[in-house]
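The values are calculated or read from the model by the stated rules, or taken from the named source; none is laboratory data. Being a predicted model, the structure only gives us computed values, none of them experimental. Neighbour counts are summed over all protein chains in view; Cβ atoms, including those assigned to glycine, are modelled from backbone coordinates with ideal geometry.
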Amino acid sequence: MDIAETTAPKSDQQNYDDYVGGPKTVTVSEVKAGNAEQPVEVHLAEFPGRPFKPSKSMRRVLLGCWGADSSVYAGRKMKLFGDPDVRFGGQAVGGIRIAALSHIEKPVTIALTVTRGKRAPFTVQPLETPKDTSGRDWLKELNETNEDLDAIVALGHAARANHAGKTIIDMITAEWTRVKAGPA
């Protein structure tokens, strides 16, 4: 019996307690706007209905590593861990940190605020990006969409899920943008 399952918190989001047993590698399914207190919800394929709501520091890490356009995050992977030293209101309460990210070539170090006026380096390691082993001819399939927006969207989701390269994803996105804009 795996007793870790019996200790899972009853919550609508990922919590520090979820990571006491060790780090987890998760897949981003989508990113949505949250509320004023927690403005970003990173939804995870492995935990439907329980998104990761990154702190401002971890949002800065995502921005520094993956860029501002969260629409490209779907299909990417993160290795998250529980850090007991995360402080809130002057007390160590524990929090979730990012240890590694896919889609980065080398370690990325970002200076994060530790306390008011004090910054410290935080390093994120590259997480090996799985390769596309689907054997699909993405360009042929893109040509066969016949400018059908739903088909292009479905192809884009499939390409991300199968780890198609950035060039393929960019081409599908460009076609979607072109078709959505309509005739020139």
**Request:** Quick one: Gly22 ticks every box in (1) more than 13 Å from the chain's Cα centre (by Cα); (2) at negative phi except a single one, so which number is it?
**Result:** (2)
**Request:** Scan the stretch 85-120 for residues that are aliphatic (A, V, I, L, M) and either outside the structural domain of Gly67 (by TED's automatic domain parsing) or in contact with an Asp or Glu (Cβ under 7 Å, 6 or more places away or on another chain) (or both) and jot them down.
**Result:** Ala92
**Item:** the stretch 148-165, subset in contact (Cβ under 8 Å) with a residue 40 or more places away in the chain and assigned to a helix (DSSP H, G or I), residue surrounded by the fewest Cβ atoms within 10 Å (Cβ to Cβ)
**Value:** His157
**Request:** Take Val86 and decide whether it is modelled with pLDDT under 85 and closer than 20 Å to Thr113 by Cβ.
**Result:** yes
**Prompt:** Of the residues that make up the stretch 52-62, is at least one in a loop (DSSP other than H, G, I, E, B), outside the structural domain of Leu155 (by TED's automatic domain parsing) and surrounded by fewer than 16 Cβ atoms within 10 Å (Cβ to Cβ)?
**Reply:** no
**Asked** Does any residue in the stretch 31-49 that is over 14 Å from Ala74 (Cβ atoms) come within less than 6 Å, Cβ to Cβ, of a residue that is exposed (fewer than 10 other Cβ atoms within 10 Å of the Cβ) six or more places away or on a different chain, and which pairs are these?
**Response** none
**Wholly enclosed strands (runs of 3 or more DSSP E) of the stretch 86-147 bearing at least 2 residues exposed (fewer than 10 other Cβ atoms within 10 Å of the Cβ) and not hydrophobic (A, V, I, L, M, F, W, C)** = 118-126
**Message:** Going by what's in this entry, would Ala74 be described as of a type in the set (Gly, Ala, Ser), touching a Ser or Thr at 6+ places or on another chain (Cβ under 7 Å) and either surrounded by 11 or more Cβ atoms within 10 Å (Cβ to Cβ) or modelled with pLDDT of 90 or more (or both)?
**Reply:** yes
